[in-house]
Amino acid sequence: MKIAIIGGGPAGLYAAILLKKQRPEAEITVYERNRADDTFGFGVVFSDATLDNFEKYDPPSYRHITQEFAYWDDIAVHFRGTVHRVGGNGFCGCSRRKLLLILQERARELGVILLFEAGVDDEARFTDADLVVLADGINSRFREKYMAHFQPEVDVRSNMFAWMGSTRPLDAFTFIFQETEWGPFIAHAYQYEVGRSTWIFETDPKTFKRAGLEGLSEKQSADRMAEIFGWFLEGHQLLTNRSMWRNFPMIRSKRWVKDNMVLLGDAKATAHFSIGSGTKLAMEDAIALADAMHHAPTVHAALQQYEEGRREEVEKAQHAADVSLVWFEHVDRFWSFDPVQFAFGVMTRAKAITYDNLTLRAPDFVREVDRVFAKQVRARGFDVDVEKPVAPMFQPLRLREMELANRAVVSPMCMYSAKEGVPGDFHFVHYGSRAIGGAGLIFTEMTCISRDARITPGCAGLWNEEQEAVWRRIVDFVHANSAAKICLQLGHAGRKGATKLMWDGMDRPLEEGGWDVLSASPIPYFPDSQVPREMDRVAMDAVKAAFVAAAERGKRCGFDMLELHCAHGYLLASFISPLTNRRTDSYGGSLANRLRFPLEVFEALRAAWPAHKPMSVRISATDWTEGGITGNDAVAIARAFAEAGVDLVDVSTGQTVRDAQPVYGRMFQTPFSDQVRNEARVATMCVGNITTADQVNTILAAGRADLVALGRPHLVDPSFTLKAAAWYGADVVLCPPQYLPGKEQIFRNSVRDRQDFDDLKIKAKPKTRAELKAEATKPLAAE
Ligand SMILES: Cc1cc2nc3c(=O)[nH]c(=O)nc-3n(C[C@H](O)[C@H](O)[C@H](O)COP(=O)(O)OP(=O)(O)OC[C@H]3O[C@@H](n4cnc5c(N)ncnc54)[C@H](O)[C@@H]3O)c2cc1C
Ligand SMILES: Cc1cc2nc3c(=O)[nH]c(=O)nc-3n(C[C@H](O)[C@H](O)[C@H](O)COP(=O)(O)O)c2cc1C
């Protein structure tokens, strides 16, 4: 077999090694355009898990690599004169040059042919090769040449970065967030061998310009960085090696294989440097290719297997990298944060590290995070314990005069079980049990302002006396038997009205018994849905009056809070999104125009609703589709509602149009809450695939939302909050006297269960290489 590998970076060399081990008889040649020791960059970083993989696949190169590595366990975050260190991270660094020399030596030893200064312009010279590996890096000429086939998508990110080195020793992966007269600069730095560290500097394009970095030579820009970070460099040099300022390209390719050619490493996909996974991904690609070549009957089958088997892993890493890079791009959002909360945000930015996880690794740090959170709550007039504070989830919050005992919320969820809008026994038990379960705030399902405002025939309403009486009974029960507050969500279905119950076909039009529907524009939801009537001024006035009348009824029922539903493609949302609003009058066109009617309704409700009671608005912060609402629009929408007196923005997303493409995942809507909260400076509630109290605490402690709503988890567990309180030992959740024995039992057992669980986790976690090294070099205790 003949294998040609274009590119002698980590991907190409490691693929050559693994393939040669597998097929000693094969002729494997690596073509590298540079000289053997001619490499750009400074250090690379691997996690312990990646090194485990290297150990398994090629012990000799693993041994060499690990002899040369610098290990560290801590991440240190420097911000506004403070430093916070978190241990247990298990990373190691190595010089890129040394890594390549080790891989070259190992490849040579196995009989791989290495050709340097051998740039390849055209792969046609490899017609006799059975396999051609395209490992030619981020600017892959071959990916570009076959662009129509590989379909690369290149997302050039806005921040500028430059990769430099230094002689400054470091004992932790170090992030420095540096305020300057021009704006924020970030350094990502780590040591990779004795006396050498990698320094990646990053800044936003405006700060870059203001700092005069544009057009400076490598040396001049290194001098500028040395001035900015001089206080930390302590006289150590900054070193350059092709350290040009660039924008990071996030590259994704639709296809990785063409005939007998396969893309590997950066050539096929990149991952932002802030998660330090580029070289790891490149070498793990080589592992995946070698595995596929080992198991598949033909080269063609192997390449298919490589692409199919590897894609999910790469996309997951890219998603984590995306989330992380967005955090760094928007670091100014958090600049005014307390340094402890800021450091917590840095640590938890990419979802893998959470509040609980940090509690195990760095309990003192998390206690400080809790204390800072509690101090902020205390500063708002609550008499909470700041020395031994409860976890953020159990801290109170005030909106106008409404006080919530904790930050957990039952999200609004339609039960589709009302008769002519009248809630029944099911609703009574449903809301009552969730209130007893301990959540600080309970939302009603979307409660419709009139019969024709319903989504389905099973939707609840508040347009007549009978409905008002039933809601009053529910509210009274909640108030009499729990500490929960209850918020009335008012809405109008718009073009999604007159549709079937959820379990009969969500959003599908009713076959009989329907009613006429309204919207901003006459666009049906499904092609076969009813074409809605475009609202005229008369209809707008009638709808506004119905909203106000329902709010008046809500006031009489004793609801604590009122939410206006402007999300999910319903009537008011249909005005806000350009995808559903095609109007040419003053209610269509610009965002300000599209917001006009929803704001009018909000203002009318605000005037009718008691001044001491809060109001929220639910928005879809993105339509998840081209041409629709984006996160930036959501900030503008939130600002407009804040000016009109909103106390909380309930940040949901999507459900505007059928062909949207949401990117689901854990806590997938939280980044929008983060953006709205920290850019528009308004309190937010986040929601969406948040399933654990650990996630709730992570979100709150990082300042990404003020309240956290859970929908589906509460459908199966009314006592989610009480159970979480027991787990965290936060004895601040009220329980009715009838249930006290149950509460006492779970609080008692949870202490032991939690201890067992933590012990198991600690035992299951292997020692990091840094810990093992520290142990091995520890002097023996004197006898
Ligand atoms: C600022 C910065 C910081 C980074 N930090 C880290 C980090 O901390 N940890 C980490 O793991 N990764 C890091 N990376 C990423 C890492 O450098 C790459 O992801 C990794 O090197 C990818 O390996 P590769 O083999 O796919 O590509 P490369 O290492 O780019 O290798 C491609 C090789 O192909 C050669 N080549 C290109 N075209 C041709 C041709 N036509 N003919 C012959 N040869 C050719 C090139 O000369 C090069 O040697 C960082 C990247 C940047 C930009
Ligand atoms: C059965 C069901 C009914 C829902 N009804 C409403 C509703 O009436 N009003 C609303 O704003 N959101 C409604 N939602 C959306 C939820 O409030 C929540 O945003 C969504 O379920 C995502 O959160 P989760 O992942 O915690 O479930 C509903 C969701 C479900 C599952």
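The values are calculated or read from the model by the stated rules, or taken from the named source; none is laboratory data. None of the values given here were measured: they were computed from a predicted structure. No Cβ is skipped: glycine too gets one built from the backbone with ideal geometry, and neighbour counts run over all protein chains shown. The area values use the complete protein model at the heavy-atom level, side chains included, leaving out ligands, DNA and RNA. Shrake-Rupley method; radii C 1.70, N 1.55, O 1.52, S 1.80 Å.
Observations
- Of every Cα-Cα pair in the range 366-431, the percent that sits beyond 17 Å: 55
- Residues whose placed amide H lies under 5 Å from that of L114, excluding near-sequence neighbours: V30
- Restricting the range 72-112 to trypsin sites (Lys or Arg not before Pro) that sit in a DSSP loop and have at most 16 other Cβ atoms within 10 Å of their own Cβ leaves R80.
- Altogether, the Stokes-Einstein calculation at 20 °C and 1.002 mPa s, with the Kirkwood radius of the range 406-485 over Cα pairs as Rh, returns a diffusion coefficient of 170 µm²/s.
- Simple Cβ-charge dipole of the chain, Lys/Arg +1 and Asp/Glu -1, about Cα centre, in debye nearest 20: 640
- Within the chain, the selection of entire DSSP H helices by a Cα span of 20 Å or greater along the long axis and an average Kyte-Doolittle value of at least -1.0 returns 96-110, 278-295, 299-329, 363-379, 465-481, 537-557, 591-608.
- Hydrodynamic radius by Kirkwood, which averages 1/r over all alpha carbon pairs of the range 510-578, in angstrom: 13.8
- Compactness of the range 20-145, expressed as Rg and Dmax over alpha-carbon positions, Å: 18.4, 62
- Mean-position separation - Cα centroids, the range 465-514 and the range 368-402, in angstrom: 33
- Taken over the C-alpha atoms, the range 155-280 has Rg and Dmax values of 16.3, 55 angstrom.
- Computed over the alpha carbons of the range 609-726, Rg followed by Dmax gives 14.7, 46 Å.
- In order along the range 416-424, the Karplus-derived 3J(HN,Hα) couplings, from 6.51 cos²θ - 1.76 cosθ + 1.60 at θ = phi - 60°, round to 6, 10, 7, 10, 6, x, 8, x, x Hz, and Gly and Pro are given as x.
- Less than 5 angstrom separates the built amide H of G589 from those of R583, all sequence-distant by 5 or more or on a different chain.
- By the rule of a C-alpha distance below 27 Å, with chain neighbours fewer than 8 residues away ignored, the lysines paired with K219 are K98, K206, K209.
- Adding -39500 (n - 2.57) for every DSSP H run of four residues or longer, then dividing by how many residues the chain holds, sets the calculated 222 nm ellipticity at -12500 deg cm²/dmol.
- Residues of type lysines that K743 reaches as a straight line, Cα spacing below 20 Å, ignoring anything fewer than 8 places off in the same chain: K723
- The amide H of G43, built 1.01 Å from its N in the peptide plane, has R96, T198 as neighbours under 5 Å, considering only residues 5 or more places off or on other chains.
- Available extension along the chain between V732 and D758 is 7.1 nm, counting 0.36 nm per residue and deducting the alpha carbon span.
- Expressed per residue, the C-alpha convex hull volume of the chain stands at 196 Å³.
- Net length gained if the chain between E55 and R210 were fully extended (0.36 nm per residue, minus Cα distance): 51.1 nm
- Across the accessible surface of the range 264-332, with the other protein chains kept in place and a 1.4 Å probe, carbon and sulfur atoms take up 51 percent.
- Positive dipole terminus of the range 452-538, leading residue within P522, P532, S482 (C-beta point charges): S482
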